[in-house]
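One structure is given below, encoded as structure tokens.
The values are calculated or read from the model by the stated rules, or taken from the named source; none is laboratory data. It should be emphasised that the depicted structure is a prediction, and the values quoted were computed from it without experimental measurement. When we count neighbours, we look across all protein chains shown, and the Cβ atoms used for this are built from the backbone with ideal geometry, even at glycine. Each accessible area value is taken on the protein alone, full model and side chains, heavy atoms only, with ligands, DNA and RNA left out. Shrake-Rupley method; radii C 1.70, N 1.55, O 1.52, S 1.80 Å.
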Amino acid sequence: CYRVREEGHNLLVINPDGGYSLEWGGSARIVRHGFSDASSFAIGDLSNAYRSDFGVIKYERGVALLKKTGVAVIADEAAFEKAADAYWFAHTRAEIEISEDGRRAVLTQNGKRLFARIIRGDGLCFSVMDAVPLPHSPVINGQKANEGIKKLTVEIRGKKEISLLIAFSVN
């Protein structure tokens, strides 16, 4: 069940409970994109991918690569009918070290390091979770464990709007 829920796919997990927040047959579409020698980006509208009773007014995810610096960014912009709780996840096999202020993380694997930094997201911090279902998520007996995988996590509590920008770089 973990692998078919949004929590197993690095999507924004909104108001997690025992049900599925994604709409069966829901849709997502690319609304803007651009490519140049300096950068490439794409923005997807996932608003209609979530069940209507979750009160998602808007959810867009953007990804960009700044080619000269090698920086990659992920941006999530969301608005809800009422205050919502949400999680942002990035699954990885890397070891994760969080800075004291919680705004930066270093992911290390095979001697290589990837730096993550929360650029936009007032009061939000990184944490680390095991790649297991959230406490309210269904657990299926016999489901294969996600051995050696962790989640770089941002937990968001009680927000009507989310504006989160995370940058990844190798230096």
*How far is the Cα center of the range 84-99 from the Cα center of the range 144-171, in Å?*
4 Å
*asked:* Just to verify a number: FRET efficiency for residue 48 and residue 10, C-beta to C-beta distance, R0 = 22 Å, to 0.05?
replied: 0.70
*For the range 37-82, give the percent of accessible area contributed by carbon and sulfur heavy atoms, probe 1.4 Å, rounded to a whole number.*
58 percent
*With every protein chain present, what is the per residue accessible area of the chain (1.4 Å probe, Å²)?*
58 Å²
*In sequence order, what are the phi-derived ³J(HN,Hα) couplings for the range 94-102 according to the Karplus relation 6.51 cos²θ - 1.76 cosθ + 1.60 with θ = phi - 60°, rounded to whole Hz, with x for glycine and proline?*
5, 6, 10, 10, 9, 5, 4, 7, x
*What list of ³J(HN,Hα) values in whole Hz, one per residue of the range 44-56 in order, does the Karplus curve 6.51 cos²θ - 1.76 cosθ + 1.60 (θ = phi - 60°) give from phi, with Gly and Pro shown as x?*
x, 9, 9, 3, 8, 7, 9, 4, 4, 6, 7, x, 7
